[in-house]
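Input: a single structure, listed below in structure tokens.
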Amino acid sequence: MLSRHADSCFWIGRYVERTEAAARMMDVHYHSALETTRQSAAGTLSRRWSSLLAISGSAQLYTQRYESENDRDIFQFFLFDLEHPSSILATWQKARENARAVREQLSSEMWESLNTFYLNLKEWDVDRVIAMPHVFLCMVKDASHLFQGILNRTMLMGEARDWLDTGRFLERAEQTGRLLDVKFHDLLDNQEAPAPAGNMPLDLHGWIAVLKSVSAFEMYHKTHQEGILPEHVVDFLVLNPRFPASVRHGIGRVEGCLHRIAGHAEDSPGSEPERLAGHLRADLTYMKAAEILQTGLHPFLDSVQIRCNQIGDAIRAAYLSY
């Protein structure tokens with residue numbers, strides 16, 4: 001497969017997944033802010049938007065382009081601002097552009113789903129979204145689910161699909177960590193008093209929001225029937241090998257795709273991307289949630305983000321540079 005075609009497939013997978021993650025973060029943050037009663041609505045929203053900007057790594061870009069953290073500007077920035085490379089419109093547009101370049105590698109249904117939703121997005125603006133944010137954000141998530149469902153139904157099992165899956169599962173692992181980190185910061189901010197050293201905030205509604213932010217609430221209860229405990233939430237979202245949005249599952253899928261692309265046996269990684277993915281997957285396999293909480297959830301998740309970025313850099317260096 002040509003490097004430029006592999007590159008396009010890899011980034012289609014990443015951009016579609018990134019679009020869904022952005023919609024999830026916006027939806028959860030907006031409704032969490034509305035439901036918080038300890039502060040005035042305006043103060044709560046501002047604080048939560050600050051957290052979202054900080055964890056998404058876009059605070060500096062936002063302050064360069066906007067004067068204050070009000071709802072309208074935040075929605076414009078995360079949804080429609082083409083100068084913000086991770087806005088929903090920018091990422092879906094880039095997924096569409098990459099799909100146009102490799103249409104012969106994709107099914108016609110995949111192209112149609114990308115193109116149709118792009119045209120639908122162009123009919124929306126920030127003023128229309130402000131009137132019905134949940135409707136719009138659900139529409140974005142549904143479009144991502146539709147594309148991925150069509151991918152699973154229509155794509156041959158082969159190199160093009162492995163590159164699409166490498167992109168989407170690497171992005172998913174990274175975004176699950178990012179979402180968990182965002183909500184963990186909010187839980188710390190919501191505490192009446194500092195938690196004892198090594199302990200996690202026990203805000204039940206906050207941890208339920210964490211699970212719902214990655215559509216994990218029902219599956220969590222099937223796995224942990226004793227109720228919501230921070231250690232178990234971290235275990236489920238980070239270390240569970242069977243939940244499709246967990247960090248461990250995503251990295252495991254990336255490792256498998258890279259083995260097939262390189263044609264190497266799973267027990268003998270022959271490239272730097274395989275080695276890095278296998279190393280991270282092994283660490284997640286043998287790690288316990290209690291160990292993560294003892295050393296600090298934020299430093300751990302920050303390390304996962306860095307290692308995912310290293311895997312992405314190694315993939316580009318080994319396969320996608322042309």
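Which residues make up the longest stretch of the chain clear of GluC sites (Glu not before Pro) that lie in a DSSP loop with no more than 16 other Cβ atoms within 10 Å, not counting the sites? Answer - 124-191. Compute the FRET efficiency between R65 and Q225 as 1/(1 + (r/R0)^6), taking r as their Cβ-Cβ distance and R0 = 35 Å, and round to the nearest 0.05. The calculated FRET efficiency here is 0.15. Cβ crowding within 10 Å, taken as a proxy for footprinting-reagent exposure, orders C138, C308 from fewest neighbours to most as C138, C308. What the phi angles of the stretch 158-166 give under the Karplus curve with 6.51, -1.76 and 1.60, with θ = phi - 60°, is a coupling list of x, 5, 4, 5, 4, 6, 4, 5, 4 Hz, glycine and proline written as x.
With q set to 0.10, 0.11, 0.12, 0.14 Å⁻¹, the log10 of I(q)/I(0) for the stretch 158-322, from the Debye formula over equal scatterers at the Cα positions, is -0.39, -0.46, -0.54, -0.71.
With each label modelled as a point 7 angstrom along the Cα→C-beta vector, the E272-S303 pair spans 2.2 nm.
Which entries in K94/K288; K183/K222; K141/K288 show an alpha-carbon gap greater than 27 Å?
K94/K288; K141/K288
Just so you know, all these numbers are worked out from the coordinates, no wet-lab data involved. Just so it is clear, the structure is predicted and the values come from calculations on it, not from any experiment. Note that we place each Cβ from the backbone using ideal geometry, even for glycine, and neighbour counts take in every protein chain shown.
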